[in-house]
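Trainee: Let me begin by handing over the structure; questions about it come next.
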Amino acid sequence: MKILEIVEKIAVEEPRIVSIVGAGISKASGMPTFRGEDGMWNNYSAMELATPQAFAKDPQLVWNWYKARMRILLKAKPNDAHFALTKLEKAGLSLGIITQNVDGLHELAGSKKIIEIHGRIRYARCTSCKHVQRWDKDEIVNERDSLLYCPNCEKSLLRPDVVWFGEPLDPSKSEIALDWLSHCNLVLVIGTSGVVYPVASFPSFAKENGAKIIEFNIESTPLTPICDFSVFGKCEENLPLFVEELIRKIEKSKSG
Ligand code: BV8
């Protein structure tokens, strides 16, 4: 179905939109996805590396993975899909973005209402005390096979400030996310394989609260069956068109 037809059919007068975002939105910015053909790293899978067990066993291997990702991220820029969500927010139509991505590209695109539900790669936190700091500096990122230690308690290892598999989400972030999902009337599910929980359960939670769901992905996912519409193709191409048509429709209905 064409984007224009979807905008006509969703028939949401005062859109209160929540965007649930995954690695696919940052693909066009050069960031590798987790499960795509580029999702592997040195023959390891993210599932093996993004865990507390992997870090306990070989912190250097895990830090080398994050440094490899950061070297790509330092050259990455937000793409048209990120900017489309910023436009949605500026038009007053977005309750917020719930992103599984840790790359910080939504903030760089100018979005303000963001929940980084799986954390943020540009920060490192101490494994013992409460110290948190940025680490995305060239001298750190390019120094291979070196670990980061806490300058505050001076003994413990720093770890990436992200949520690994088997770790709980930040309850305060989950609470805000569920509040948004209870009050929204339209969810955009963008560039996510819909396999990582609990975020993969968020679209159906919103649907139970009466929201319509639109998926933007290059292929169908386990979430496709619960979506009211699926826009197949690159989100960096389709999402800007959708946002433009939606804003145009609302402005037209306001001007009578
Ligand atoms: C939790 C941060 C409970 C790190 C990430 C056994 C033991 C323990 C837990 C579990 C278990 N079995 C299941 C679980 C739960 C587990 C889980 O869901 N596992 C799955 C895989 C089976 N979840 C957890 O562990 C979560 N915590 O459950 O805690 C708990 C409670 C109390 C006490 C203790 C524990 C925590 C999950 C968070 C993991 N951290 N990231 C880092 O980034 O380094 S997840 C990681 O995957 C990223 O955040 C990533 O975003 C996320 C999901 O992947 P996607 O974003 O969807 O990316 P993916 O590559 O998969 O897909 C890309 C999509 O884009 C594709 O669909 C593709 O078609 C599409 N695409 C590509 N290009 C484009 C495009 N679409 C549009 N346009 C394009 N151009």
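Trainee: Please list, ordered by residue number, the strands (runs of 3 or more DSSP E) wholly in segment 161-256 having 3 or more residues that are out of contact with any His (no Cβ under 6 Å at 6 or more places or on another chain), touching a residue at least 40 places away in the same chain (Cβ under 8 Å) and closer than 24 Å to LYS87 by Cα.
Mentor: 186-190, 212-217
Trainee: Still on this model: In segment 33-117, which helices (runs of 4 or more DSSP H) lie fully inside it and hold 2 or more residues that are in the same structural domain as VAL231 (by TED's automatic domain parsing) and open to solvent by 50 Å² or more (accessible area, probe 1.4 Å)?
Mentor: Passing ranges, in order: 80-90, 105-108.
Trainee: Looking at this structure, is ASP179 assigned by TED's automatic domain parsing to the domain that holds ILE20 and charged (D, E, K, R)?
Mentor: Considered against the rule, which asks whether it is assigned by TED's automatic domain parsing to the domain that holds ILE20 and charged (D, E, K, R), ASP179 comes out as yes.
Trainee: In segment 132-169, how many are among the charged types (D, E, K, R) and open to solvent by less than 60 Å² (accessible area, probe 1.4 Å)?
Mentor: Total satisfying the criteria: 4.
Trainee: Of the residues SER182, SER156, which is more than 9 Å from the ligand (Cβ to nearest atom), closer than 30 Å to VAL141 by Cβ and more than 17 Å from the chain's Cα centre (by Cα)?
Mentor: SER156
For (1) within 15 Å of the ligand (Cβ to nearest atom); (2) farther than 21 Å from MET1 by Cβ; (3) of a type in the set (Val, Ile, Thr), each residue gets a yes or a no:
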| position | (1), (2), (3) |
| --- | --- |
| PRO160 | yes, yes, no |
| PRO168 | yes, yes, no |
| SER172 | yes, yes, no |
| GLY191 | yes, no, no |
| SER204 | yes, yes, no |
| GLU219 | yes, no, no |
| ASP228 | no, no, no |
| LEU241 | yes, no, no |
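Trainee: Hey, another quick one. Quick check on segment 5-23. Is at least one of its residues part of a helix (DSSP H, G or I), surrounded by fewer than 20 Cβ atoms within 10 Å (Cβ to Cβ) and in contact with a helix residue (DSSP H, G or I) (Cβ under 6 Å, 6 or more places away or on another chain)?
Mentor: no
The values are calculated or read from the model by the stated rules, or taken from the named source; none is laboratory data. Not measured: the values here are computed from a predicted model. In this analysis, Cβ positions are derived from the backbone assuming ideal geometry, glycine residues included, and neighbour counts consider all displayed protein chains. Quick note on the areas: whole protein, heavy atoms, side chains included, nothing else; ligands and nucleic acids left out. Shrake-Rupley method; radii C 1.70, N 1.55, O 1.52, S 1.80 Å.
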